[in-house]
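Undergrad: Questions regarding the structure given below will be posed in turn.
The values are calculated or read from the model by the stated rules, or taken from the named source; none is laboratory data. All values reported here derive from a predicted model rather than from experimental measurement. Cβ coordinates were reconstructed from backbone atoms using ideal geometry, including for glycine residues, and neighbour counts include every protein chain displayed. Please note that ligands, DNA and RNA were not included when accessible areas were found on the heavy atoms of the full protein model with its side chains. Shrake-Rupley method; radii C 1.70, N 1.55, O 1.52, S 1.80 Å.
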Amino acid sequence: MTESKTIAQIQSEGYDALVNALGPEDAVRFIRSFDPGSGDYTRERKKSFKKKTVTQIGKEILELQKSL
């Protein structure tokens, strides 16, 4: 059985893989492209969908996909 890697090992290997695949500059650009955002997604989602059924939400998603 293999030992589990630490998060530090996984991060180090991930960075190395990115640099090898993209080169140093593009690897940095890729990492910087992630934005953790702000706010409380769960609270906002509950507020946004409070009065909608799953069926209604599904229909809205399908309509949006058709318009793309």
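Undergrad: Taking the residues in the range 28-68 that are closer than 30 Å to TYR15 by Cβ, among the hydrophobic types (A, V, I, L, M, F, W, C) and without any contact (Cβ under 8 Å) to a residue 12 or more places away in the chain as candidates, determine which candidate is most open to solvent (accessible area, probe 1.4 Å).
TA: Only one residue fits best here, namely PHE34.
Undergrad: Also: What about GLY39, is it under 16 Å from the mean Cα position of the chain (by Cα) and either modelled with pLDDT of 95 or more or at positive phi (or both)?
TA: So GLY39 passes the test.
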